[in-house]
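The values are calculated or read from the model by the stated rules, or taken from the named source; none is laboratory data. The structure presented is a predicted model; accordingly, all values stated were derived computationally and were not measured. We place every Cβ from the backbone using ideal geometry, glycine too, and count neighbours over all the protein chains shown. Just so you know, the surface numbers come from the protein's heavy atoms only, side chains and all, with ligands and any DNA or RNA stripped out. Shrake-Rupley method; radii C 1.70, N 1.55, O 1.52, S 1.80 Å.
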Amino acid sequence: MAEKKDFYEALGIKKGASEDEIKKAFRQQAKKYHPDVNPGNTRAEARFKEVNEAYEILSDPDKKSRYDQFGHAGVDPSFGAGGGGGPFRGGFGGFGNMDFDLGDIFGSIFGGGGGRTQNRNAPRKGERVRAVLTITFEEAAFGCEKDVSIQRIESCDDCSGSGCKKGTTAEKCAGCGGSGVVTTQQRTPFGVMQSSADCPKCSGRGRIIHQPCDKCKGLGMVRRNRTIKVNIPAGIDDGQTISLRGQGSSGINGGEAGDLFVTVSIARHGQFKREGTSVLLSMPISFVQAALGAELEVPTLDGKVKYSIPAGTQTGTMFRLKNKGIQNLRGSGRGDQYVTVNVTVPTSLKNEQKELLMQFAEIDGDTAGLKRKKRK
């Protein structure tokens, strides 16, 4: 006969462990070696038997005391000591004296929380509704009020959400007493297991509708198209979302309505680009304006403004217009506008223009490779 394993070793604890430590160790080992987790694994089944037997002895103060004094002989009659509480003999005994919920141990194994189910009749918040709204660059910069079209679930007007045809009422389900939940008990090797599930007679609703509403077909809810006004704050950026509380689908069983989330999409502008609160503009100027300096009319979100550039301005030079950018969404003030000037080169010149440029080149001493064309 094979030598019995030490009970403390079977649970992976040291002699003298406290009651809580013994209980915790057993839970861990029971989860690990339970036959339902290891189907067909005879070694795991044998370990589970050892764990069960160890816990049966060590969780009982009297048996634990005898085991600590005499070892296996103190608790197993087959060793000749005549002690109480025989060994594990093929069943799943030993669980009957446990003072904790089996659902805590095996809930994660069997995919449930101790057999409990959610009450369908409890108040539940309505579903979120999402929408996308496209606005212009200027509307994003200064803010606006827009209409957004959505679909949401609402309480049926014809039956006021009851699901019953006008003039009728629902019958309280006799199968569950109106709770929507039925509880069953089953005797298992672990003891009596209790589980809850939706009532099959009323599908968990707690009531039976014999004459359903023609409009909602007994659901009590209908899908409707709605137009909602949305205030767009100044400075909102592309891709940001506005939350409107309570504008989503209606709640269930008296629960609060869900929320509406509107994501803003900003249309591309023909001139301006945006970086944070800054507005960027690329502006062409002529060679003469760049060389001699000029007063430019620069487009901004507020209209055209005048700005003087100095003589000798180079292409790619950037100028700043203060407070001509985007409103700070989370603070006061506006960003700036940055104007990058690009000198354009004419693609077609008149003879007089060419002659003047040649004279300019001669004065500047930069005529290498240039040929003066004779006038006809």
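Could you list all residues from the stretch 172-182 that are outside any loop (DSSP other than H, G, I, E, B) and either modelled with pLDDT under 85 or open to solvent by 80 Å² or more (accessible area, probe 1.4 Å) (or both)?
K172, the sole residue that qualifies.
Let me confirm something: among G191, G206, G220, which residue is modelled with pLDDT under 80 and on the phi > 0 side of the Ramachandran plot?
Criteria check complete, one pass: G191.
Kindly indicate the residue of the stretch 335-373 that is hydroxyl-bearing (S, T, Y) and either open to solvent by less than 50 Å² (accessible area, probe 1.4 Å) or under 30 Å from S278 (Cβ atoms) (or both) and also nearest to the chain's Cα centre (by Cα) among those meeting that condition.
Of everything passing the filter in the stretch 335-373, Y338 is nearest to the chain's Cα centre (by Cα).
Condition test on Q314, is it touching a residue at least 12 places away in the same chain (Cβ under 8 Å) and part of a loop (DSSP other than H, G, I, E, B)?
yes
For the stretch 134-146, enumerate the residues that are open to solvent by less than 40 Å² (accessible area, probe 1.4 Å) and not aromatic (F, W, Y).
Across the stretch 134-146, the qualifying residues are I135, A140, A141, G143, C144.
Output the residue which, of all residues in the stretch 295-310 that are part of a loop (DSSP other than H, G, I, E, B) and out of contact with any strand residue (DSSP E or B) (no Cβ under 9 Å at 6 or more places or on another chain), is farthest from T277 (Cα to Cα).
P310
State which residue pairs qualify: first residue under 12 Å from V345 (Cα atoms) and inside the stretch 286-306, second residue not hydroxyl-bearing (S, T, Y) in any location, beta carbons under 6 Å apart, and separation of 6 or more residues or different chains.
Going by the 6 Å Cβ cut-off, the qualifying pairs are F287/V343; A290/V343.
For the stretch 240-273, which positions are in a strand (DSSP E or B) and open to solvent by 20 Å² or more (accessible area, probe 1.4 Å)?
Of everything in the stretch 240-273, those that are in a strand (DSSP E or B) and open to solvent by 20 Å² or more (accessible area, probe 1.4 Å) turn out to be T241, I242, S243, L244, I252, F261, T263, S265, I266, K273.
In the set I236, I228, which member is assigned to a loop (DSSP other than H, G, I, E, B), surrounded by 15 or more Cβ atoms within 10 Å (Cβ to Cβ) and out of contact with any Cys (no Cβ under 7 Å at 6 or more places or on another chain)?
I236
Answer yes or no as to whether S332 is farther than 30 Å from S160 by Cα, assigned to a loop (DSSP other than H, G, I, E, B) and open to solvent by 70 Å² or more (accessible area, probe 1.4 Å).
Yes.
Only one residue in T241, T277 is farther than 30 Å from E297 by Cβ and either touching a strand residue (DSSP E or B) at 6+ places or on another chain (Cβ under 7 Å) or not aliphatic (A, V, I, L, M) (or both). Which one?
Only one candidate passes the filter, namely T241.
Could you grab the pairs with beta carbons closer than 6 Å, sequence gap of 6+ or different chains, first residue in the stretch 160-186 and farther than 16 Å from L219 by Cα, second one of a type in the set (S, T, N, Q) and open to solvent by less than 40 Å² (accessible area, probe 1.4 Å)?
As it stands, the answer is V181/S196; T183/S196, since those pairs meet every condition given.
Please enumerate the residues belonging to the stretch 285-312 that are open to solvent by 50 Å² or more (accessible area, probe 1.4 Å), under 23 Å from F360 (Cα atoms) and in contact with a Ser or Thr (Cβ under 9 Å, 6 or more places away or on another chain).
Within the stretch 285-312, F287, Q289 meet the criteria.
Counting only residues that are touching a Gly at 6+ places or on another chain (Cβ under 7 Å) and either charged (D, E, K, R) or not in a loop (DSSP other than H, G, I, E, B) (or both), which one in the stretch 274-284 is surrounded by the fewest Cβ atoms within 10 Å (Cβ to Cβ)?
S278
Taking the stated definitions as given, is T315 among the polar types (S, T, N, Q) and within 56 Å of the chain's Cα centre (by Cα)?
Yes, satisfied.
Within the stretch 147-160, identify whether any single residue is part of a strand (DSSP E or B), of a type in the set (S, T, Y) and open to solvent by 80 Å² or more (accessible area, probe 1.4 Å), and answer yes or no.
yes
Listed here are the residues, each with its yes/no results for (1) part of a helix (DSSP H, G or I); (2) open to solvent by 40 Å² or more (accessible area, probe 1.4 Å).
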{"site": "A17", "(1), (2)": "no, no"}
{"site": "D20", "(1), (2)": "yes, yes"}
{"site": "Q29", "(1), (2)": "yes, no"}
{"site": "G40", "(1), (2)": "no, yes"}
{"site": "A44", "(1), (2)": "yes, no"}
{"site": "K49", "(1), (2)": "yes, yes"}
{"site": "E53", "(1), (2)": "yes, no"}
